[in-house]
Amino acid sequence: MNNKPVHSLFFLLLLLIAPANLAAQGTAEDYRRSNQLGRRYRSALEPLRLDYQWHSGGIVLKKESGGDTAYDYIDGRTGELRTVSSLDELNLDGEIGLLEPKAEWDASGGDKIAVDLTFENTFDRPVRLFWCNFDGGLQSYGEVPPQQSLTLSTFDGHQWVVDFQRNDLAGIFVAGRSDCTARLDERSRRIAMEDFGQPSPGQEVRPVREITVRDSNIWFDEENGLRQRLTDDGRPGDSYSPVIHYSPDGRFAICFKETRVDQRRVPMIASSPDDQVQPELQWMNYRKPGDELPQRIPALIDLEQGRRIEIDEDRFADSWSVQFKRWSDGGKLAYVLYNRRGHQELALLAIEAETGQVIDIARESSPTFVDYSQKTMLHWLNDTGQIIWASERDGWNHLYRIDATTGEIVNQITSGGWVVREVELVDEENQVIWFTAMGIHPEQDPYHRHLAKINFDGSGLTVLTEGDGTHRWEFNPDRTLFVDRWSRVDQPEIAELRRSVDGTLVCHLGQADSSKLTESGFQMPVRFAAPGRDGETMIYGLIIKPSNFDPEKTYPVIENIYSGPHDFHVAKRFGLQNSVRRIAELGFIVVQIDGMGTNWRSKAFHDVCWQNIVDGGMPDRIAWMKAAAEEFTWMDLSRVGIYGGSAGGQNAMAAVLHHGDFYKAAAADCGCHDNRMDKIWWNEAWMGAMGPHYEANSNVTHAHKLRGDLFLTVGELDRNVDPASTMQVVDALIKADKDFELVVVPGAGHGIGESSYLFRRRQDFFVRSLMGVEPRRDP
């Protein structure tokens, strides 16, 4: 569809008269190297593998060489090293491999080190085991009987959830890098149940009278078997939920009246089903921006007097979500987290049990958006009647201590031109918060993760990691020591043993060897930072070169883009980046950049995306590339392409619609080209309530502005982004008489652009468009 003989002739003439440094690339040999690159680099990579166990007061490292095994014991207090051939020779007190309980779980990860994990059940009742898979889902792995143990084979970094029954947890653990034990006791249960809004372990709620939901309404169950109907406004589709939350003293209960609304059903055609000749119609439940949402209104019940207590229901109207969090320890307050639709208002509300009065405990409001999906951090301080709460009210994501009864701010805990990424641990006994910080070392890349701790009153801020890179860590059971593992995209991983009290280095544990990797042709990424559109705010990105890079030549530039506002997207840890390298290997420079509008910088930096997804940080990206080209003369900005998928597909097409003077070619896969067509949560989070700005941001609206070459791909059964979003932009392009390429893949889902066929087609597209030559691939 995009046959341009004049365009090709121009490049042919250019190549005939150009000097050697503009020689054509995209040769058959380039393609062969590109296809073999991943295998070559993976075989040359020697990652750092640490096989260690925590021991009382120190750490034991297992070393294997030539079939022999030895062990190093490092004393955490003195740094003294002892090497023995058997663990028995150490003769040390304490347990090896006892895991620290966690407060929450996530998808399993790790370095694929096989270990044995022993679950030690100290309770007088059985517990159930669940492995958390790579998507974050839980898979059952049987039970451990009371007062018994069970050992399973797993891998380091794999996460396990243990419970007695649904919503009654016994412990959460992450497997270590050697054989380890997960002890299930009252401490592991308390930590696991912290955010579940349930009674404390051992505290059983015995309500004065029990209530149930029947026929959509609330009923009392009397001891004599009689039933008393308490409400009469419930009906199918507008019913009271059967989930009841009793106060700790048993005097009150809270439940929710929930409306039911029909979900939008999106039709899809499977054109080539495996089991029949004729196409098949499929349906997908899929809410889009502006669709009606179910509503939840709390109902407060006085169990002693047998009555419903009136509350101000308007405080919970027009909600995105209404979540019960917990009762106060004395049962006087019921806490509910309310998120108003449009995401400009998030509030922790307390309902007084005696009166039904609704009190603001913590409230976030913004003329743009409240980043509820990433920055809602709420921790209860049971001993003081306070909460730890995250807020961007001073322009950066920081922690505050708030009185959980009055809502008064006790103090701001963290502050400064950096952000709290997540809370690691809240130590109530010592009044210390351990957390992940980003930007806390001003001389480093602001996206690097670092470990820090601070006292509840805001004093004693201590940054515990220092290496110029992004960090991950694992503590010993009493949190006196931790293994700090850090790397950068241009620095393979380093491991260190550090003391938790102040982060001082005990000893160096190891470092990954990248010599074989560089010998195989691997070019380290180039980190680069330059001011963005405002001439002041630094924008960070990286540059990928082909393995046969020659600084005397010039190369077309291709940007791999994804500017979703929920996160930042340029890699910070060391890795192979094989996908982008396969494109660079054909004779391109590939860049990745985080522009304004992405997450985890200042609030002002993030706010650029508000009702402005179409911006995509493009002015910052262009400024960054121009600055890079001034320093690196081998970057040819007369030939710039861009590609991305999903939100990145939306970005890539927008680049050639709004910045066609800079970007000459775009490949867009499965793009959410019109935010009205995409999933509700992601789009309303940054675009807010439905309005004319949705149309103004749409690639469909601006399709007639296309300049340059465009390659569109989509799977016909994409269940993440409605594939009709791509077809509507195609319709607009045709109506505007614009040339483009389109591939619709039968039976394919989201991200089909990364399949081997479309990956190759994308390579070919850029070789033709930016190099002006026909790809010379092997037949």
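The values are calculated or read from the model by the stated rules, or taken from the named source; none is laboratory data. Please read all numbers here as calculations on a predicted model, not as lab measurements. A quick note on method: Cβ atoms are made from the backbone with ideal geometry, for glycine too, and the neighbour counts reach across all protein chains shown. Keep in mind that these areas ignore ligands, DNA and RNA; they rest on the heavy atoms of the full protein, side chains included. Shrake-Rupley method; radii C 1.70, N 1.55, O 1.52, S 1.80 Å.
Identify, from the list Arg77, Arg128, Arg40, Arg32, the residue that is over 25 Å from the mean Cα position of the chain (by Cα) and closer than 28 Å to Glu428 by Cβ. Break it down into steps so the answer makes sense when it comes.
Values: Arg128 fails: closer than 28 Å to Glu428 by Cβ; Arg40 fails: closer than 28 Å to Glu428 by Cβ; Arg32 fails: closer than 28 Å to Glu428 by Cβ.
Answer to the check: Arg77.
Taking the criterion of being open to solvent by 30 Å² or more (accessible area, probe 1.4 Å) and in contact (Cβ under 8 Å) with a residue 60 or more places away in the chain, the residues of the stretch 496-513 that qualify are Arg499, Gln511, Asp513. For Gly237, the criteria (1) small (Gly, Ala, Ser); (2) over 21 Å from Asp722 (Cα atoms); (3) at pLDDT 95 or above hold in every case but one, which is (3). You will find that of Trp486, Trp473, the residue that is at pLDDT below 95 and within 22 Å of the chain's Cα centre (by Cα) is Trp473 and no other. For the stretch 180-205, taking the residues that are of a type in the set (Gly, Ala, Ser) and within 30 Å of Arg251 (Cα to Cα), the one that is modelled with the highest pLDDT is identified as Ser188. For the stretch 367-390, the set of residues classified as touching a helix residue (DSSP H, G or I) at 6+ places or on another chain (Cβ under 8 Å) and surrounded by fewer than 21 Cβ atoms within 10 Å (Cβ to Cβ) consists of Thr368, Tyr372, Ser373, listed by residue number. Out of everything in the stretch 477-495 that is open to solvent by less than 10 Å² (accessible area, probe 1.4 Å) and among the charged types (D, E, K, R), what residue ends up being farthest from Val432 (Cα to Cα)? The qualifying residue farthest from Val432 (Cα to Cα) is Arg485. The condition of being open to solvent by 10 Å² or more (accessible area, probe 1.4 Å), assigned to a helix (DSSP H, G or I) and closer than 22 Å to Pro525 by Cα holds for only one of Ala628, Ala623, that being Ala623.
If I filter the stretch 313-366 down to residues being among the polar types (S, T, N, Q) and in contact with a helix residue (DSSP H, G or I) (Cβ under 9 Å, 6 or more places away or on another chain), which single residue comes out as nearest to Cys609 (Cα to Cα)? Give the steps one after another, and end with the answer.
Of all residues in the stretch 313-366, those among the polar types (S, T, N, Q) come to 319, 321, 323, 328, 339, 344, 355, 357, 365-366.
Going one step further and asking which of them are in contact with a helix residue (DSSP H, G or I) (Cβ under 9 Å, 6 or more places away or on another chain), we end up with 321, 339, 366.
On the way: Ser321: 23, Asn339: 20, Ser366: 14 Å.
That would be Ser366.
When the helices (runs of 4 or more DSSP H) confined to the stretch 663-735 are screened for residues that are under 27 Å from Met771 (Cα atoms), those reaching at least 1 such residues are found at 724-735. Among the residues of the stretch 151-195, the ones that are open to solvent by less than 30 Å² (accessible area, probe 1.4 Å) and touching a His at 6+ places or on another chain (Cβ under 8 Å) come to 1 in all. Within the stretch 720-744, can you find the residues that are open to solvent by 30 Å² or more (accessible area, probe 1.4 Å) and not polar (S, T, N, Q)? Listed by number, the residues that qualify are Ala724, Met727, Asp731, Ile734, Lys735, Ala736, Asp737, Lys738, Asp739, Glu741, Leu742, Val744. Report whether or not Ser321 is part of a strand (DSSP E or B), among the hydroxyl-bearing types (Ser, Thr, Tyr) and within 27 Å of the chain's Cα centre (by Cα). For Ser321, the condition - part of a strand (DSSP E or B), among the hydroxyl-bearing types (Ser, Thr, Tyr) and within 27 Å of the chain's Cα centre (by Cα) - is met.
Counting only strands (runs of 3 or more DSSP E) that sit completely within the stretch 249-303, those holding 3 or more residues that are closer than 20 Å to Met727 by Cβ and open to solvent by 20 Å² or more (accessible area, probe 1.4 Å) correspond to 265-270, 280-285.
This table checks each residue for (1) of a type in the set (A, V, I, L, M); (2) on the phi < 0 side of the Ramachandran plot; (3) more than 24 Å from the chain's Cα centre (by Cα); (4) not in a loop (DSSP other than H, G, I, E, B).
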{"position": "Glu424", "(1), (2), (3), (4)": "no, yes, no, yes"}
{"position": "Glu429", "(1), (2), (3), (4)": "no, yes, yes, no"}
{"position": "Ile433", "(1), (2), (3), (4)": "yes, yes, no, yes"}
{"position": "Glu443", "(1), (2), (3), (4)": "no, yes, yes, no"}
{"position": "Pro446", "(1), (2), (3), (4)": "no, yes, no, no"}
{"position": "Asp457", "(1), (2), (3), (4)": "no, yes, yes, no"}
{"position": "Gly460", "(1), (2), (3), (4)": "no, no, yes, no"}
{"position": "Gly467", "(1), (2), (3), (4)": "no, yes, no, no"}
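Residues in the stretch 674-701 that are open to solvent by 10 Å² or more (accessible area, probe 1.4 Å) and in contact (Cβ under 8 Å) with a residue 60 or more places away in the chain: Arg676, Met677, Lys679, Ile680, Trp681, Trp682, Ala689, Met690, Gly691, His693, Ala696.
For the stretch 46-69, the tally of residues that are touching a Ser or Thr at 6+ places or on another chain (Cβ under 9 Å), surrounded by 18 or more Cβ atoms within 10 Å (Cβ to Cβ) and of a type in the set (Val, Ile, Thr) stands at 1.
Rundown of residues vs (1) farther than 21 Å from Arg326 by Cβ; (2) part of a loop (DSSP other than H, G, I, E, B); (3) out of contact with any Lys or Arg (no Cβ under 9 Å at 6 or more places or on another chain); (4) modelled with pLDDT under 90, yes/no style:
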{"site": "Val162", "(1), (2), (3), (4)": "yes, no, no, no"}
{"site": "Ser178", "(1), (2), (3), (4)": "yes, yes, no, yes"}
{"site": "Pro207", "(1), (2), (3), (4)": "no, yes, no, yes"}
{"site": "Gly225", "(1), (2), (3), (4)": "yes, yes, yes, yes"}
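Show me the strands (runs of 3 or more DSSP E) found entirely inside the stretch 37-156 where at least 1 residues are within 20 Å of Cys180 (Cα to Cα).
Values: elements: 52-55, 58-65, 68-75, 81-84, 114-121, 127-132, 138-144, 149-155.
Answer list for the stretch 37-156: 52-55, 58-65, 68-75, 114-121, 127-132, 138-144, 149-155.
Among the residues of the stretch 432-465, those identified as of a type outside the set (A, V, I, L, M), open to solvent by 10 Å² or more (accessible area, probe 1.4 Å) and touching a Lys or Arg at 6+ places or on another chain (Cβ under 9 Å) are Trp434, Gly439, Asp445, Pro446, Arg449, Asp457, Gly458, Gly460, Thr462.
Residues in the stretch 545-559: is at least one at positive phi and over 24 Å from the mean Cα position of the chain (by Cα)? Step through it out loud before you land on a result.
Taking the stretch 545-559 first, the residues at positive phi are none.
No, the stretch 545-559 contains no residue that is at positive phi and over 24 Å from the mean Cα position of the chain (by Cα).
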